[in-house]
Structure formats: structure tokens, C-alpha cells
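I have a structure here, written as C-alpha cells, and I will follow up with some questions on it.
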Amino acid sequence: MKKYTYTEKKDTRSGFGDGLLEAGKRNPDVVALCADLVASLKMQDFINAFPERFVQVGIAEANMIGIAAGMTIGGKIPFTGTFANFSTGRVYDQIRQSVAYSDKNVKICASHAGLTLGEDGATHQILEDIGLMKMLPGMTVINTCDYNQTKAATIAIAEYEGPVYLRFGRPVLPVFTDADQKFEIGKAWMVNEGADVSIFATGHLVWEAIQAGEKLAEEGIDVEIINIHTIKPLDAEAVLKSVAKTGCVVTAEEHNRLGGLGDSIAQLLSTTNPTPQEYVAVDDSFGESGTPAQLMTKYGLDADHIIKAVKKVIARKKA
């Protein structure tokens with residue numbers, strides 16, 4: 001198992017903030033809109049640098065999406081920012097009609113995704129946003145794993161033509177990917193090559209998968225870990241190549257098991273190479289209040305649960 005070390009921890013939302021600033025420096029058409037959550041979205045540096053390219057919409061998320069869609073007509077590249085729940089569930093009609101159906105070049109950037117919003121509870125957490133967004137025709141869906149990857153993804157989507165949903169979070173996590181990485185939309189990242197099982201992980205669960213892989217290696221289980229940062233378009237080639245080698249799959253995500261990464265993998269495999277698969281995901285429920293660590297453990301989204309899923313799916317493969 002390849003060893004991943006880190007010297008610092010940062011939240012992925014800070015990667016977005018720093019990436020937005022860099023994207024703004026590179027392209028004068030990059031603009032930003034926020035629904036009264038500048039501090040939470042780490043957008044202040046962009047505002048300081050380019051005050052004339054920022055719109056504070058206030059608590060009016062539907063209007064924010066509509067304004068952003070309109071700005072693309074004049075050649076602007078708008079980045080909208082608010083919590084993931086308000087970025088998707090609250091404004092789904094506006095996204096569907098004004099952005100996806102109209103194929104507008106809007107970058108919908110969503111912080112505080114999943115359970116790790118923590119103490120704010122179920123009304124602010126969202127576990128169905130990946131499913132909502134990936135079902136929209138033409139929508140690219142990205143879920144990054146650490147600060148560096150989020151920064152790189154933010155810069156990359158500014159250069160990409162078309163609507164994008166970029167999902168990230170609040171927790172402070174190890175920074176373990178390269179600072180100078182080139183983010184390729186739709187191209188999975190091989191974290192660790194192995195032969196016994198394929199773990200496809202996204203977002204915060206990538207680090208948990210790495211920790212699980214280290215423990216499993218001590219037991220002689222050789223895991224292949226692949227970071228699926230782009231859920232749509234899915235890197236089908238990478239998935240099928242890995243599964244052809246290992247013969248069994250675990251998917252890991254901070255999302256409802258219905259409609260997320262696991263379902264995308266299962267749909268691909270069911271039509272090409274039916275394979276034993278186990279899900280590490282929230283089992284069709286809302287979240288609740290608690291610390292991020294407490295919630296990740298209670299809802300089965302940590303390294304220990306990935307280890308259990310790996311052993312279970314390997315047993316199914318051998319049966």
C-alpha cells in the first residue's frame with residue numbers, strides 16, 4: 001500500500017476560495033455571486049481583488065441562479081456560492097430550466113455538503129445533491145477530496161465550457177494530493193494499485209479509504225483505491241479496467257446510497273461486467289445534529305466501515 005503523508009490540514013472550501021481567486025486572475029470574465037455566505041464560502045479574497053466582479057445577492061438563491069444564467073449571455077463565467085443544500089435542493093427548478101436546459105456556462109459551487117456540516121443538522125445537510133445534479137442532462141458533477149484538489153478543480157472548471165456542479169465541504173482534513181496537480185475533468189486518479197478489491201471513493205471518503213487500505217495491507221489484503229472526483233462524466237474506462245483485475249467493488253461516498261457514485265458504478269457494471277459490490281454510504285435516511293466525526297461513524301462513513309465492506313465483498317467474490 002502506497003503511503004500518503006501530510007504536513008497540514010485544511011478545509012476543502014478554502015481550496016475553492018483560493019482557486020476562485022486564481023481563476024479570477026487568469027480570466028477577467030470570471031465573476032462571483034454569493035447568497036449571504038461570503039465567509040463560509042471563503043470568497044473574501046476574490047472580492048478584495050475584484051470588487052467590481054462580485055454580486056452579493058443575499059438570501060435569494062433562486063435569484064442568484066437566474067442572475068448567473070443571464071450573465072453568461074454577455075460572456076461572463078459566473079461562480080455561484082452557498083451551502084450545498086441551498087445550491088441544489090432549494091433552487092432545482094432554476095438550475096434545471098435556466099442553466100441545464102439552456103446549457104449555460106454557470107459554475108454552481110457548493111460548500112458544507114453531506115453529513116459533515118455537523119451540528120446544523122438535517123435541514124442544512126444534504127445527502128441527495130449528487131443524484132439531483134447528475135440526472136440533469138449536460139451537467140458535470142465534481143466532488144473533490146482535499147484542499148489542493150479543490151483548488152485545482154476550481155481553476156479547471158473556469159476553463160471548461162458548460163454547466164458544472166462543484167461539491168466540497170467544511171471539515172479540516174489532511175492535504176495529501178499534489179499542490180501543482182493538473183485537474184482533469186472526467187479522469188479518475190489512481191491512489192493505489194492493488195489486486196484484491198477496487199475501492200472507488202469520492203470526496204472526504206478518499207482519505208478514509210487510504211486509511212482503510214493501510215490497515216487492510218497489514219492483513220495481506222491488496223486494495224486498489226481510485227479517486228472518482230468527477231462523478232459525471234464517469235471515467236468508465238478506469239472503472240472497468242480496475243474491476244477486470246480485482247473482480248469486486250466497494251464504493252465510498254458521503255451521500256445517500258441511492259443516486260450517488262455507487263449507483264453510477266453499479267449501472268455501468270450491470271450493463272458491462274456484473275460484479276459483486278458493496279456500498280459505503282448513508283442508507284436512505286436524513287442526517288442529524290452531531291459533530292462531523294460522530295456522524296461519519298454513526299452513519300458508517302469511516303475507515304472501519306470501508307474495511308468491513310471490503311471483507312464482505314471479497315467473501316462474496318470467493319463464494
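Any read-out appearing in this document is the output of simple, stated calculations on the displayed coordinates, not a laboratory observation. Keep in mind that this is a model prediction, so the values were computed, not measured. Virtual Cβ from ideal backbone geometry, glycine too; neighbours counted across all protein chains shown.
Specify whether the C-alpha gyration tensor of the range 189-318 places it in the rounded, prolate or oblate class, a ≥ b ≥ c being the square roots of the eigenvalues: rounded for a/c under 1.5, otherwise prolate if a/b is larger than b/c and oblate if not. The partial results should precede the final answer.
Working: a/c = 1.66, a/b = 1.24, b/c = 1.34.
Because a/c hits 1.5 or more and a/b fails to exceed b/c, the range 189-318 counts as oblate.
Let me ask something additional. Which stretch or stretches of the range 279-303 have amide N atoms under 15 Å from the point lying 7 Å from Leu258's Cα along the Cα→Cβ direction?
Backbone N within reach: 281-287.
Can you tell me the mean projection area, over all orientations, of the convex hull of the chain's alpha carbons? Units nm², please.
Values: hull surface 60.0 nm².
Taking the Cα atoms of the chain, their convex hull projects to 15.0 nm² on average.
Another question, then. Report the gain in length on full extension from His124 to Asp45: 0.36 nm times residue separation, minus Cα-Cα distance, nm rounded to one decimal.
On the way: separation 79, 0.36 × 79 = 28.44 nm, distance 2.54 nm.
Fully extending the segment from His124 to Asp45 adds 25.9 nm.
Taking the number of other C-beta atoms within 10 Å as the exposure measure, put Ser264, Ser111 in order starting with the fewest.
Ser264, Ser111
Please say if the range 9-174 is rounded, prolate or oblate, where rounded means a/c under 1.5 for a ≥ b ≥ c the square roots of the C-alpha gyration tensor eigenvalues, and otherwise the choice is prolate for a/b larger than b/c and oblate otherwise?
On the way: a/c = 1.40, a/b = 1.08, b/c = 1.29.
Here the range 9-174 falls in the rounded category.
Treating the angle as unsigned and between 0 and 90°, give the value, to the nearest 10°, between the Cα long axis of helix 236-246 and the longest Cα principal axis of the chain.
It is inclined by approximately 20 degrees.
Counting alpha carbon pairs within less than 8 Å and at least 6 residues apart, what relative contact order, in whole percent, applies to the chain?
Rounded, it is 19 percent for the chain.
Once you charge only the Cβ atoms, +1 for Lys and Arg and -1 for Asp and Glu, what is the size of the charge dipole of the chain about its Cα centre, to the nearest 20 debye? Spell out each step's value before the answer.
Details: 32 positive and 40 negative charges, 73 e Å.
Using only the charged Cβ atoms, the result is roughly 360 debye.
Of the listed pairs Lys10/Lys107; Lys151/Lys215; Lys42/Lys187; Lys187/Lys232, which have alpha-carbon separations greater than 20 Å here?
Numbers: Lys10/Lys107 23 Å; Lys151/Lys215 29 Å; Lys42/Lys187 27 Å; Lys187/Lys232 10 Å.
In this structure, Lys10/Lys107; Lys151/Lys215; Lys42/Lys187 exceed 20 Å between Cα atoms.
Using the Cα centre of the range 46-148 as the reference point, and only Cβ charges (+1 on K/R, -1 on D/E), how large is the resulting charge dipole? Debye, rounded to the nearest 20. Please list the in-between numbers first.
Details: 7 positive and 9 negative charges, 79 e Å.
The calculation lands at about 380 debye.
Over the C-alpha atoms of the range 106-247, what are the Rg and the largest Cα-to-Cα span, Dmax, in Å?
Gyration radius and largest Cα-Cα distance of the range 106-247: 15.4, 47 Å.
If each residue's Cβ is checked for other Cβ atoms within 10 Å, how do Ile185, Ile73 rank with the fewest at the top?
Details: Ile185 18, Ile73 10.
In increasing order of surrounding Cβ atoms, one gets Ile73, Ile185.
Which angle from 0 to 90°, rounded to the nearest 10, does the C-alpha axis of helix 303-318 make with the longest principal axis of the chain?
Taking the Cα atoms of the chain, the angle to 303-318 is about 50 degrees.
Ok, one more. Using just the helices of the chain, give the 222 nm mean residue ellipticity in deg cm²/dmol: DSSP H runs with n ≥ 4 each add -39,500 (n - 2.57), and the total is spread over all residues, rounded to 500. Walk me through the intermediate numbers first.
Working: 12 runs with 122 residues, N = 319.
One gets -11500 deg cm²/dmol as the mean residue ellipticity at 222 nm.
Then there is this: May I ask for the distance between the Cα centers of the range 228-242 and the range 1-51, given as a whole number of Å?
Value for the Cα centre distance between the two parts: 26 Å.
Here's a follow-up. Put +1 on the Cβ of every Lys and Arg and -1 on every Asp and Glu Cβ in the range 9-174; which of His112, Phe46, Thr72 then has its Cα farthest towards the positive end of the dipole?
Phe46
Using the number of other C-beta atoms within 10 angstrom as an exposure proxy, rank Thr150, Thr116, Thr246, Thr297 with the fewest first. Working shown, then result.
Values: Thr150 34, Thr116 23, Thr246 20, Thr297 14.
In increasing order of surrounding Cβ atoms, one gets Thr297, Thr246, Thr116, Thr150.
Putting +1 on Lys and Arg Cβ atoms and -1 on Asp and Glu Cβ atoms, find which of Met139, Pro171, Tyr160 reaches farthest to the positive end of the dipole of the range 9-174.
Tyr160
Which angle from 0 to 90°, rounded to the nearest 10, does the C-alpha axis of helix 61-73 make with the longest principal axis of the chain?
80 degrees
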